[in-house]
């Protein structure tokens, strides 16, 4: 296996894990303390991250460094789609719950009277 192939696997896996978490490149770059352009170069297979940077990316994604180099062992598309659906449903449920708190306690009958 050539270095470009390994870099391609790394790029694909970083992008896969990032997208599986519904993160933008800006999100992962921020969590990894690297620039968005540098992350973009890594995800396109154009740049190699230093070991410290690779560790920061793996930590942000909550995976082991070795997971970023595994070929064909990430979640299948079907599993990833299901995971994304579950995450979206959780976000929707949280938003509904937060909206209900605002509606019932801050704007509704539980609101403190006579506050301007």
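The values are calculated or read from the model by the stated rules, or taken from the named source; none is laboratory data. Here the structure is a predicted model, which means the values were calculated and not measured. Here the Cβ is made from the backbone with ideal geometry for all residues, glycine too, and neighbour counts use every protein chain on show.
When restricted to residues that are without any contact (Cβ under 8 Å) to a residue 12 or more places away in the chain and assigned to a helix (DSSP H, G or I), the range 20-34 contains 4. Within the range 40-64, the residues that satisfy the criterion of being part of a helix (DSSP H, G or I), under 14 Å from the mean Cα position of the chain (by Cα), touching a residue at least 12 places away in the same chain (Cβ under 8 Å) and within 13 Å of residue 16 (Cα to Cα) are 43, 57, 61.
The rows are residues; the columns are (1) at pLDDT 80 or above; (2) farther than 17 Å from residue 10 by Cα; (3) surrounded by fewer than 16 Cβ atoms within 10 Å (Cβ to Cβ).
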| site | (1), (2), (3) |
| --- | --- |
| 32 | yes, no, no |
| 37 | yes, no, yes |
| 43 | yes, no, no |
| 48 | yes, no, yes |
| 63 | yes, no, no |
| 81 | no, yes, yes |
| 85 | no, yes, yes |
| 95 | yes, yes, yes |
| 98 | yes, yes, yes |
